[in-house]
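Participant: My questions will all concern the structure given below.
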Amino acid sequence: MHFHDCFVRGCDGSILLAGNTSERTAVPNRSLRGFEAIEEAKARLEAACPRTVSCADILTLAAREAVVLTGGQGWRVPLGRLDGRISQASDVNLPGPFDPVDKQKRDFAAKTLNTIDLVTLVGGHTIGTAGCGLVRGRFFNFNGTGRPDPSIDPRFVPLVQARCPQTGDASARVGLDAGSVGRFDTSFLRNAPFNNGPRVHCWPRPSAALVKG
Ligand code: HEM
């Protein structure tokens, strides 16, 4: 949710604003979950200390806490973000899951994020799940071939097929990181074949844009 917020108009909490045409109504945001956790934190903070902590800061801190709670490293979060007042579905320009990597690279570059940033940030998929309806096409009848996408590591095919049967519940969910869905670790990137190229072994420095946050 923090990524979806930051990608559109910066990290200003605009993803949280309700409204018939607000950002959260746009297609890429309809799968976001957990708004109630942010709303509860905001309600408690307002009760304890009114008009002091922005929703944008709460969302940024929640992202860090989610990583820490699942076993990842923490980092210092400078605070003081102001909440945006504008939230429009038509501004949402997030990269899509079916976009080719080149398009994802271009979308990130438009936000001053480089390819290392893209790979690093996509490693965020070490936790969380995806809806079966979204992923199962590649596991049963890829491009009408009647077979799984041959670029998928064959070890994962039966796992996802069992979790997301072809005619089963599309809203059932499957872990994004087989075997360690609730752990913030490096297995998502180690599992990703990156188009059958070399696997990721080392961590080059991310771009200054990402370090500055
Ligand atoms: C090219 C950029 C990205 C694409 C195309 C993408 C796509 C997706 C898709 C399709 C899902 C599954 C949605 C669903 O079915 O509910 C998902 C889930 C998720 N994504 Fe991304 N994502 C991107 C970048 C990121 C980044 C940068 C992060 C964090 C740093 C991130 C964190 C997550 C998390 C934590 C989930 C699990 C959500 C849940 O369990 O409800 N994603 N992403």
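Participant: Select from segment 30-50 the residues that are within 11 Å of the ligand (Cβ to nearest atom), open to solvent by 50 Å² or more (accessible area, probe 1.4 Å) and out of contact with any strand residue (DSSP E or B) (no Cβ under 7 Å at 6 or more places or on another chain) and list them in ascending order.
Facilitator: ARG30, ARG33
Participant: Also: Could you check, for segment 114-122, whether at least one of its residues is within 11 Å of the ligand (Cβ to nearest atom), open to solvent by 60 Å² or more (accessible area, probe 1.4 Å) and either touching a helix residue (DSSP H, G or I) at 6+ places or on another chain (Cβ under 8 Å) or within 17 Å of MET1 (Cα to Cα) (or both)? Spell out the reasoning first.
Facilitator: As a first pass, look at segment 114-122 and keep what is within 11 Å of the ligand (Cβ to nearest atom): 117-122.
Remaining after also requiring open to solvent by 60 Å² or more (accessible area, probe 1.4 Å): 121.
Checking which are either touching a helix residue (DSSP H, G or I) at 6+ places or on another chain (Cβ under 8 Å) or within 17 Å of MET1 (Cα to Cα) (or both) leaves us with 121.
Among the residues of segment 114-122, at least one is within 11 Å of the ligand (Cβ to nearest atom), open to solvent by 60 Å² or more (accessible area, probe 1.4 Å) and either touching a helix residue (DSSP H, G or I) at 6+ places or on another chain (Cβ under 8 Å) or within 17 Å of MET1 (Cα to Cα) (or both), which makes the answer yes.
Participant: Shifting gears a bit: Checking the conditions here, which among VAL27, VAL67, VAL53, VAL77 is among the β-branched types (Val, Ile, Thr) and open to solvent by 70 Å² or more (accessible area, probe 1.4 Å)?
Facilitator: Numbers: VAL67 fails: open to solvent by 70 Å² or more (accessible area, probe 1.4 Å); VAL53 fails: open to solvent by 70 Å² or more (accessible area, probe 1.4 Å); VAL77 fails: open to solvent by 70 Å² or more (accessible area, probe 1.4 Å).
Just a single option satisfies the conditions, and that option is VAL27.
Participant: Sticking with this one: Please name all residue pairs, on different chains or six or more residues apart, with Cβ atoms under 8 Å, provided the first residue is in segment 135-161 and is in the same structural domain as GLY179 (by TED's automatic domain parsing) and the second residue is part of a helix (DSSP H, G or I) and basic (Lys, Arg).
Facilitator: As it stands, the answer is PRO148/ARG138; ASP149/ARG138; ILE152/ARG138, since those pairs meet every condition given.
Participant: Can you tell me which residue is least open to solvent (accessible area, probe 1.4 Å) among those in segment 125-152 that are over 28 Å from ALA66 (Cα atoms), among the charged types (D, E, K, R) and in a loop (DSSP other than H, G, I, E, B)?
Facilitator: Applying the filter and picking the extreme gives ASP149.
Participant: Same structure, new question: Does LEU16 qualify as being open to solvent by less than 60 Å² (accessible area, probe 1.4 Å) and touching a Phe, Trp or Tyr at 6+ places or on another chain (Cβ under 8 Å)? Before the answer, list the steps.
Facilitator: Details: open to solvent by less than 60 Å² (accessible area, probe 1.4 Å): yes; touching a Phe, Trp or Tyr at 6+ places or on another chain (Cβ under 8 Å): yes.
Yes.
Participant: Quickly run through segment 114-172 and pick out the residues that are among the β-branched types (Val, Ile, Thr) and over 25 Å from ALA63 (Cβ atoms).
Facilitator: Of segment 114-172, the ones among the β-branched types (Val, Ile, Thr) are 115-116, 119-120, 122, 126-127, 129, 135, 145, 152, 157, 160, 167.
THR145, ILE152, VAL157, VAL160, THR167 - these are the residues of segment 114-172 that are among the β-branched types (Val, Ile, Thr) and over 25 Å from ALA63 (Cβ atoms).
Participant: Only one of PRO150, PRO165 is more than 22 Å from PRO95 (Cβ to Cβ), more than 11 Å from the ligand (Cβ to nearest atom) and at pLDDT 95 or above. Can you tell me which? Give the steps one after another, and end with the answer.
Facilitator: Numbers: PRO150 fails: at pLDDT 95 or above.
The unique qualifying residue is PRO165.
The values are calculated or read from the model by the stated rules, or taken from the named source; none is laboratory data. Because the structure is predicted, anything quoted here is derived from the model rather than measured. Reconstructed Cβ throughout: ideal geometry from the backbone, glycine too, with neighbour counts over all protein chains shown. Heads up: the accessible areas ignore ligands, DNA and RNA and are worked out on the full protein's heavy atoms, side chains in. Shrake-Rupley method; radii C 1.70, N 1.55, O 1.52, S 1.80 Å.
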